[in-house]
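The values are calculated or read from the model by the stated rules, or taken from the named source; none is laboratory data. Everything numeric in this text was worked out from a predicted model, so none of it was measured. Positions of Cβ are backbone-derived with ideal geometry, glycine not excepted, and every protein chain shown enters the neighbour counts.
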Amino acid sequence: MGFCNSCGRPMGRNDYGTNEDGSPNQDYCKDCFQNGEFTEPDITINEMIIRNAERMLRRNRDLREEEATGILCNFLPNLKRWNPNPDDEIEDEDEPVRGYRGGF
């Protein structure tokens, strides 16, 4: 089982997005990529981190917001959508990612 290179969720064969020709795209899930295009082309990595942190917190009540955000801040920037040239070093952004409650 792989994971989506946009949102990071685990995916099996039934979760694959689709290419323009309708064939399965094994890099991205069906929620993020359909018909060869991102379903939300303008979403930022910070917005994706916040969205995923909210999901993680709903699924695991023992997880703290800082932990969820930290995990995602380390994981998502290395995915293909956010870092298409993985050999390039990722530079820190000027503005820190704030969680959906406003914290870190």
Filtered residue count, region 6-48, keeping only those that are among the small types (Gly, Ala, Ser) and under 14 Å from Trp82 (Cα atoms): 2
Identity of the residue in region 27-44, touching a strand residue (DSSP E or B) at 6+ places or on another chain (Cβ under 7 Å) and of a type in the set (Phe, Trp, Tyr), that ends up surrounded by the fewest Cβ atoms within 10 Å (Cβ to Cβ): Phe33
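Here is a yes/no grid of residues against (1) closer than 28 Å to Thr69 by Cβ; (2) modelled with pLDDT of 95 or more:
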{"site": "Met1", "(1), (2)": "yes, no"}
{"site": "Asp21", "(1), (2)": "no, yes"}
{"site": "Gly36", "(1), (2)": "no, yes"}
{"site": "Ile45", "(1), (2)": "yes, yes"}
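In this structure, is Thr69 crowded, with 17+ Cβ neighbours inside 10 Å and among the β-branched types (Val, Ile, Thr)? I'd like the intermediate steps shown before the answer.
Working: crowded, with 17+ Cβ neighbours inside 10 Å: yes; among the β-branched types (Val, Ile, Thr): yes.
Taking the combined requirement at face value, the residue satisfies it.
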